[in-house]
Structures are given as structure tokens and as C-alpha cells.
1. Would you check if there is a residue in region 103-114 being among the small types (Gly, Ala, Ser), open to solvent by less than 30 Å² (accessible area, probe 1.4 Å) and at pLDDT 90 or above?
2. Only one of these conditions is not met by Leu62: (1) part of a helix (DSSP H, G or I); (2) open to solvent by 60 Å² or more (accessible area, probe 1.4 Å). Which number is it?
3. Determine, yes or no, whether Ala67 is in contact with a Pro (Cβ under 9 Å, 6 or more places away or on another chain) and either in a loop (DSSP other than H, G, I, E, B) or surrounded by 15 or more Cβ atoms within 10 Å (Cβ to Cβ) (or both).
4. If you go through region 75-92 one residue at a time, how many are over 17 Å from Ala2 (Cβ atoms) and touching a helix residue (DSSP H, G or I) at 6+ places or on another chain (Cβ under 7 Å)?
5. May I ask you to list the residues in region 51-110 that are of a type in the set (Gly, Ala, Ser) and more than 27 Å from Met18 (Cα to Cα)?
6. Given the structure, is Lys40 farther than 30 Å from Asn94 by Cα and either surrounded by 11 or more Cβ atoms within 10 Å (Cβ to Cβ) or in contact with a strand residue (DSSP E or B) (Cβ under 9 Å, 6 or more places away or on another chain) (or both)?
7. One residue is enough: does region 78-89 have a residue meeting the conditions closer than 26 Å to Ile120 by Cβ and part of a loop (DSSP other than H, G, I, E, B)?
8. Filter region 152-193 down to residues that are modelled with pLDDT of 85 or more, in a loop (DSSP other than H, G, I, E, B) and of a type outside the set (Phe, Trp, Tyr), then give me how many there are.
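The values are calculated or read from the model by the stated rules, or taken from the named source; none is laboratory data. These numbers come from a predicted model, not from an experiment. Cβ placement follows ideal geometry from the backbone for every residue including glycine, while neighbour counts extend to all protein chains displayed. What goes into the accessible areas is simple: the full protein's heavy atoms, side chains included, and nothing from ligands, DNA or RNA. Shrake-Rupley method; radii C 1.70, N 1.55, O 1.52, S 1.80 Å.
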Amino acid sequence: MACFRLPTATCHSLESIMANFWWGFNDNNRPKTHWQSWQKLCRSKKDGGLGFLSLVHFNLALLAKQAWRVLKQPNLIVSKILAVRYYPNSSFLNSSLGHSPSFVWRSICWGKELLHKGLITKIGNGHNTSTTLDYWIPSFRQVVHLSSVPDTVATFITSTMTWDIPSLRRCYPPHVVEEILSIPFLSILLMMS
């Protein structure tokens, strides 16, 4: 499961076997009544479940871990091989399936989709952060712009390393501006030093 995406039907079949083991069988060799759905049993114990793992989600989490390893350790042999084969002229995050991908690469790309949902770009000085292509606002993946936005985030940062609030208000709705203003400048300053 850490290297290959298991078919959803296989995961559900395994979960069914696990559920039947849990509830057992009647004297007629028929499964006993399931008093709760499998999804409810997969909830954590603090949320009223029994903490069973959803095998599809567990498989996805393990493959996202592999994608993270490829992203953060580009000098590993497997990372170098994947880079040469699938994204020689781009980065791992911007890579695509490509022509005739292997089953391992397709599996890692599935995990990369989950990774994308949780990643956010560090702004730094803003010159390398795109306002439209990068995820730089913590709670928003798709942002509605009030007017045309500049190409880089640096346009919204003053020379004294503070947010240019009037420029932000011209381009974004108030709830987005509030989210942007919550991004701490300490982390931006640390990135520059």
C-alpha cells in the first residue's frame, strides 16, 4: 500500500472481510446484523467510532507520504530516477503523468494530489510567489479577485516589509484581505535572512 494504489474494489472487499470477522456469522453461516455502518466505525474513538482504518484513505495517505519523500529528498536514487523519467524540465509538484506512466508513478501522482491540497507556498520576499498560480493564502485554494491582480505577491509588500493594505483591498474581497493580513511577517523576514 505504500508503493501501489490498490483498486477501490479490493479495499472495499478487504474491509468487508474485516467487518464480517468483527461481527461474525449466525448458525446459518450468514453474517450477523451490522448495527453501525463501516464509515461510522472508521471514525476515531473520540468521535464515536472504533478507530478502524478506511483502507482507501490509508492507501492514499501512504502514497502521499511517498510523494512527500520524493519532494523533500530529491537526492534519493528513486527521486532522481523519477525526475529524469517524468519531469526532466519541471519540478515534482508541476509534473504530470506523462506518456506511458508506470503503475508506481501513477500511484505516487495520486498521493501527490492529496499533498497538493495541504501545501502552501512560503512567500519570502514575494518575488518568486505568483498571485494566481501558487497557493499562498492559507485558507483559500481558489480566490475571487475584485480586479486584475499583479503577477507576484511582492507587489503587495512595502519596502518596510509590511502589507500594502490599500493594494490588497483593491484586488481582493474583505474576507480574503483579512486572511492575508493574518500571514505573519516574521516568517517572511526569516525566509529573507
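1. Of all residues in region 103-114, those among the small types (Gly, Ala, Ser) come to 107, 111.
Filter once more, so that each one left must be open to solvent by less than 30 Å² (accessible area, probe 1.4 Å): 107, 111.
Those still in the list that are at pLDDT 90 or above too: 107, 111.
Checked region 103-114: at least one residue is among the small types (Gly, Ala, Ser), open to solvent by less than 30 Å² (accessible area, probe 1.4 Å) and at pLDDT 90 or above.
2. (2)
3. Details: in contact with a Pro (Cβ under 9 Å, 6 or more places away or on another chain): no; either in a loop (DSSP other than H, G, I, E, B) or surrounded by 15 or more Cβ atoms within 10 Å (Cβ to Cβ) (or both): yes.
Against the criterion (in contact with a Pro (Cβ under 9 Å, 6 or more places away or on another chain) and either in a loop (DSSP other than H, G, I, E, B) or surrounded by 15 or more Cβ atoms within 10 Å (Cβ to Cβ) (or both)), Ala67 does not qualify.
4. Of the residues in that region, 2 qualify.
5. Start the filter on region 51-110 by keeping residues that are of a type in the set (Gly, Ala, Ser), which leaves 51, 54, 61, 64, 67, 79, 83, 90-91, 95-96, 98, 100, 102, 107.
Selection gives Ala67, Ser79, Ala83, Ser90, Ser91, Ser95, Ser96, Gly98, Ser100, Ser102.
6. Values: farther than 30 Å from Asn94 by Cα: yes; either surrounded by 11 or more Cβ atoms within 10 Å (Cβ to Cβ) or in contact with a strand residue (DSSP E or B) (Cβ under 9 Å, 6 or more places away or on another chain) (or both): yes.
Here the answer is yes, as Lys40 does meet what is asked.
7. As a first pass, look at region 78-89 and keep what is closer than 26 Å to Ile120 by Cβ: 78-79, 82-83, 86-87, 89.
Now drop any that are not part of a loop (DSSP other than H, G, I, E, B), which leaves 87, 89.
The answer is yes, given that some residue of region 78-89 is closer than 26 Å to Ile120 by Cβ and part of a loop (DSSP other than H, G, I, E, B).
8. Of all residues in region 152-193, those modelled with pLDDT of 85 or more come to 152-158, 162-182.
Keeping just the survivors that are in a loop (DSSP other than H, G, I, E, B) gives 158, 162, 164, 172-173, 182.
From what's left, of a type outside the set (Phe, Trp, Tyr): 158, 162, 164, 173, 182.
The number of residues fulfilling the criteria is 5.
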